[in-house]
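Down below is the structure, laid out as structure tokens.
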Amino acid sequence: MVTLTEVAAREVNNIIEQQTKASQEAGEQPTKLYLRVGVKGGGCSGFSYSLDLSEGKGENDEVWTQHGIDVVCDPKSMLYLDGTTVDFKDELMGRGFVFNNPNATSSCGCGSSFSM
């Protein structure tokens, strides 16, 4: 499973609230949003992390809830991400989500891609 820290969950919840408010202001009916974590080929080191909000889940997706956030991950990505922690950093040099993947043998300097 992928672990979401409380700090990351708060940031995801803020983003969901902003998107829900924007949808309501546009006269749209808000939909349930999931945090989708995944891996795709590419990036400096071979694989890159993906993190986005999704309105649905796939038939084979693994689904779990952490800190009130519904998280989904496809089975293929879970092979690479099992045991990973997703955190959120807000520091002087930048802010963003950070992946701590114990399965990665190396990662690029920016932290958004890895190899195994």
Lys pairs under 17 Å by Cα in the chain, provided they are eight or more residues apart or on distinct chains: 4
Would you work out which of LEU92, VAL63, ALA26 lies farthest towards the positive end of the dipole of the chain? Charges go on Cβ: Lys and Arg +1, Asp and Glu -1. LEU92
Rg/Rh for region 23-91: what does it come to with C-alpha atoms and Rh from Kirkwood? 1.03
What angle, in degrees between 0 and 90 and rounded to the nearest 10, separates the Cα long axis of helix 6-25 from the longest principal axis of the Cα atoms of the chain? 40
Length gained when the stretch ASN13-ARG95 is fully extended (0.36 nm per residue, less Cα-Cα span): 27.9 nm
A chain fully extended from SER54 to SER23 at 0.36 nm per residue, minus the present Cα-Cα distance, gains in nm 9.7 nm
So if I restrict to the alpha-carbon atoms in the chain, what is the Rg, and what is Dmax, the biggest pairwise distance, in Å? 14.8, 47
Using helices alone, what [θ] at 222 nm do you get for the chain, with -39,500 (n - 2.57) per DSSP H run of 4 or more residues, divided over all residues and rounded to the nearest 500? -7500 deg cm²/dmol
May I ask you to derive the relative contact order of the chain, considering only C-alpha pairs under 8 Å and at least 6 residues apart, and to give it as an integer percent? 30
If one builds a Gaussian network model of the chain from Cα atoms under 10 Å apart, the most fluctuating residue listed among SER77, SER50, SER23 is SER23
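Values quoted throughout were computed directly from the atomic coordinates according to the rules given, and no laboratory measurement underlies them. Fair warning: this is a prediction, and the values are worked out from it, not measured in the lab. Using ideal geometry, Cβ is built from the backbone for each residue, glycine included, and neighbour counts are taken over all protein chains shown.
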